[in-house]
Every structure is written in C-alpha cells, then in structure tokens.
Amino acid sequence: VQLVESGGGEVQVGDSLRLSCAASGDIFSRYAMGWFRQAPGKEREFVAAMSSGEEYYADSVKGRFTISRDNAKNTVYLQMNSLKPEDTAVYYCAGDAAGVAITTISWYDYWGQGTQVTVSS
C-alpha cells in the first residue's frame, strides 16, 4: 500500500488548507485512516482519524480541522481552517489495515512521505 499526501504549503494565520492522501494497492475502504504531524524538534503527534465511520480529533484542532474520506477515490482529506502558527509541521497520513487504529502511532501499518504546512503570522 502506498500513501501519497498533497496540498501542503505556506499560508497566513486564519487561512485554510485541504490536505489529500491518495492510497493505492489495497482495499482502502476497510482501513482506518489518520493524520499526524511533526513540528521541528518535537515528536509526531495525533491530529485526526477516521475509524469505523467515527471521527476523532486532537483537542488542539477540534472545531477547526475536519477529516473525511472518499472511498471511490481511495482518498482521505484533512480540511484545516483557522490555521495558527502552532499548526506548522510536516503532516503525515497513515493507514491501518485492521481498521481500528485511532491515536496510537504504532498501530498504523502504512505512512505517507509527509507534506509541509507552514503558517505565518
């Protein structure tokens, strides 16, 4: 399975971005999908996940970010609104073939290469 993220870039505070993660190679619809991010000098952290039809969000992004998926396109999205400088990071999508992973990094089987998001004040 390959995951390829796109949609990152440099934006201003308060702007929006939509990240996409295209999957290939397996039955995407049964996968749990997650988004994580890693800022310079920090550990990778959970951002959002969709598992068994439920959505999960980190407290820091709740109400601003929305995860969604289009199984027909084998793609998961992360809509990011009201962006803040602290959202600056490399964003990774991840897939769990068992369909149960949420926040635990080690439960995810597949990872994309990451896409940079930079929010300037």
*Can you pull the one-decimal nm distance between simple spin-label points at residue 84 and residue 4, each 7 Å off the Cα toward Cβ?*
3.4
*With 5 Å bins from zero, work out the P(r) of segment 1-53 over every alpha carbon pair and list the percent per bin.*
4, 14, 20, 26, 21, 10, 6, 1
*Heavy-atom accessible area per residue, the chain, 1.4 Å probe: how many Å²?*
49
*Once phi is turned into ³J(HN,Hα) by the Karplus curve 6.51 cos²θ - 1.76 cosθ + 1.60 with θ = phi - 60°, what whole-Hz value does each residue of segment 41-48 show in order, with x for glycine and proline?*
x, 10, 6, 5, 10, 5, 10, 7
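Would you mind telling me the share, in percent, of accessible area of segment 6-121 contributed by carbon and sulfur at probe 1.4 angstrom? Show your work: numbers first, answer last.
Working: 2660 of 5680 Å².
The computed percentage sits at 47.
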*asked:* What are the ³J(HN,Hα) couplings of segment 99-113, residue after residue, when phi is run through the Karplus curve with 6.51, -1.76, 1.60 and θ = phi - 60°? Round to Hz, x for glycine and proline.
replied: x, 10, 5, 10, 9, 7, 4, 5, 7, 8, 8, 10, 9, x, 8
*Would you mind telling me which residue in 32, 101, 72 has the biggest mean-square fluctuation in a Gaussian network model of the chain, where springs connect alpha carbons within a distance under 10 angstrom?*
72
*Among 86, 43, 55, which one moves the most in a GNM of the chain with springs linking Cα atoms closer than 10 Å?*
43
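The values are calculated or read from the model by the stated rules, or taken from the named source; none is laboratory data. Bear in mind that the values here come from a model prediction, so they are computed numbers and not experimental data. All Cβ positions, even for glycine, are placed from backbone atoms using ideal geometry, and neighbour counts span all protein chains on display. In case anyone asks, the SASA skips ligands and DNA or RNA and just uses the protein heavy atoms, side chains included. Shrake-Rupley method; radii C 1.70, N 1.55, O 1.52, S 1.80 Å.
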